[in-house]
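Engineer: My questions will all concern the structure given below.
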Amino acid sequence: MEKLDKKALARARVKRVQLIYRQVAQHHRATDLAVEAQQAFLAGLQEASREAEAHPDTVVWSAQTQMIRDKLTGKKRASTDRWNRFAGTSGGGGMGR
């Protein structure tokens, strides 16, 4: 009986260790996927930045938001900043602050 108890304890220990290794592997896979997704997102941003630098004349945002009126003179001019309600939030653009 003593030998069977030792074997049962050894099997339980091995099973517990295998479960821990499985969880660690799953955590590493999830972390790797998150890192790859973040790198893909940043690569897309860099590509868009390169395209914008290649064509400095083109304005990225719409014509409605790019034209503003000077309240003192009443003249319209192109704005230098992009105004939106998502300014300053993650992925929302804005002034990058």
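The values are calculated or read from the model by the stated rules, or taken from the named source; none is laboratory data. Not measured: the values here are computed from a predicted model. Note that we place each Cβ from the backbone using ideal geometry, even for glycine, and neighbour counts take in every protein chain shown. Ligands, DNA and RNA are excluded from the accessible area calculation, which covers all protein heavy atoms including side chains. Shrake-Rupley method; radii C 1.70, N 1.55, O 1.52, S 1.80 Å.
Engineer: Please go through the range 1-55 and give me each residue that is under 30 Å from Ala78 (Cβ atoms), at pLDDT below 90 and open to solvent by 100 Å² or more (accessible area, probe 1.4 Å), ordered by number.
Structural biologist: Gln46, Arg50, Glu51, Glu53, His55
Engineer: Here's a follow-up. For the range 77-97, indicate whether the set of residues that are modelled with pLDDT of 80 or more and open to solvent by 100 Å² or more (accessible area, probe 1.4 Å) is non-empty.
Structural biologist: Looking for residues that are modelled with pLDDT of 80 or more and open to solvent by 100 Å² or more (accessible area, probe 1.4 Å), one finds none in the range 77-97, hence no.
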